[in-house]
Amino acid sequence: MNRYSGEIPRRFHSDISQAPFDHCLLCDKALLSGGELYIIEKAYRDFGKKIGEKTLFEYAVCLSCAESYRKQLSVESRKKMDEFMSNIDFQKRASLLEGEEDDVWLKNCLIRQIPAGESGEAQIYGLCEGDRFIYGEFPYMISAEAMDQIVSLLSSETLDELDRFKESLTNGPSELQDLFDKVGPRFLV
Ligand SMILES: [Zn+2]
């Protein structure tokens, strides 16, 4: 895999602070100084449309938090997810997209290889190391249609575990609770 890095694109800044994400949503670790690896996720409606695009939620999580979240999954669910994702040729994709603008990387759904559907509901994911944005497996977009497919792979046992994990993390503000209700299993991808 040919990876390279660049400045964090504005598209992956926080819409709330109008600046790069600076701490992990879950453990509050500082992200921009030092070489911390972390994932940014933003969810949209009317993604990529010139008028009316709306950010539904956004956050950054460090890789160790993303890992512990993933461990909440049942072995069976993890296996299914891994099988599902192994159909994607990240290597080929990265070489096709190398040097392209961010819009091009995000244009088509990673899973369905077409733009997001009518509602334009989509999540985008990016990987950073400190203040650098890493191109390679990331960035990518997953449409709501594909996300439904992914969630349907998860066992009810896994969904229960994710609920418990979520509750343990979100005794705080109700906005966060709402966020997790929506995000749920999604930041595994
Ligand atoms: Zn963290």
Criterion (away from the ligand (no atom under 16 Å from the Cβ) and touching a residue at least 40 places away in the same chain (Cβ under 8 Å)) met by exactly one of ILE40, ILE16, ILE51: ILE16
Restricting region 81-109 to residues that are part of a loop (DSSP other than H, G, I, E, B) and either at positive phi or without any contact (Cβ under 8 Å) to a residue 40 or more places away in the chain (or both), the residue that is surrounded by the most Cβ atoms within 10 Å (Cβ to Cβ): ASN108
Residue satisfying all of: in region 19-37; within 14 Å of the ligand (Cβ to nearest atom) and outside any loop (DSSP other than H, G, I, E, B); surrounded by the fewest Cβ atoms within 10 Å (Cβ to Cβ) among these: ALA30
Residue under evaluation ARG93, criteria (1) out of contact with any strand residue (DSSP E or B) (no Cβ under 7 Å at 6 or more places or on another chain); (2) within 16 Å of the ligand (Cβ to nearest atom), criterion not met: (2)
Residue among LEU110, LEU37 that is touching a helix residue (DSSP H, G or I) at 6+ places or on another chain (Cβ under 6 Å) and of a type in the set (A, V, I, L, M): LEU37
Test set (1) more than 16 Å from the ligand (Cβ to nearest atom); (2) at pLDDT below 90; (3) under 13 Å from the mean Cα position of the chain (by Cα) - TYR59 fails condition number: (1)
Only listed residue being within 23 Å of ASP163 (Cα to Cα) and among the β-branched types (Val, Ile, Thr), chosen from ILE16, ILE40: ILE40
Count - residues of region 120-159 that are in a loop (DSSP other than H, G, I, E, B) and farther than 11 Å from LEU110 by Cα: 9
Residue among ARG78, ARG112 that alone is at pLDDT below 90 and either surrounded by 13 or more Cβ atoms within 10 Å (Cβ to Cβ) or closer than 19 Å to GLU41 by Cα (or both): ARG78
Single residue of region 1-13 satisfying the filter (buried (at least 16 other Cβ atoms within 10 Å of the Cβ) and assigned to a loop (DSSP other than H, G, I, E, B)) that is farthest from the ligand (Cβ to nearest atom): PRO9
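The values are calculated or read from the model by the stated rules, or taken from the named source; none is laboratory data. Model, not experiment: these values are computed from the prediction. When we count neighbours, we look across all protein chains shown, and the Cβ atoms used for this are built from the backbone with ideal geometry, even at glycine.
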